[in-house]
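Trainee: This is the structure I have questions about; it appears just below.
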């Protein structure tokens, strides 16, 4: 879901992993993310590497479609809606903070 919301077009199955610790299983932290957003002028069709509800075109994948996809993983509709909404709202500040943190580490960055 994060990949679709952020426009990360290389979100194939090998970019998702599980972490195993004793009898516990959890989703690994995200990695290999690259958003097409910086290169988009809004005119080109942007496709995801994986479909959501049969659609690969990012402009065809709505919040409602992401919410419906949650049902495939046993997530009820209200919880799926909350997850999609929280992710959409939280992505911008999270990306901005991480980008600024990374930029400050570069040799020519403004401090």
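Trainee: As a check on your grasp of the helix formula, calculate [θ] at 222 nm for the chain: sum -39500 (n - 2.57) over DSSP H runs of n ≥ 4, divide by the residue count, round to the nearest 500.
Mentor: On the way: 3 runs with 41 residues, N = 111.
Rounded to the nearest 500, the figure is -12000 deg cm²/dmol.
Trainee: Can you give the Kirkwood hydrodynamic radius for the chain, in Å, rounded to one decimal and based on Cα pairs?
Mentor: Values: mean 1/r = 0.0631 Å⁻¹.
With all distinct Cα pairs of the chain included, I get 15.8 Å.
Trainee: Given Cα pairs under 8 Å that are at least 6 residues apart, what percent is the relative contact order of the chain?
Mentor: Details: 105 pairs, mean separation 22.5, N = 111.
Contact order relative to length: 20 percent.
Trainee: Could you work out how far the C-alpha centroid of segment 88-108 sits from that of segment 17-46, in angstrom?
Mentor: Spelled out, the Cα-based centre of one part sits 16 Å from the other.
None of the figures in this text is laboratory data; all of them are computed from the coordinates on show. Small disclaimer: the values here were computed from a predicted structure and weren't measured.
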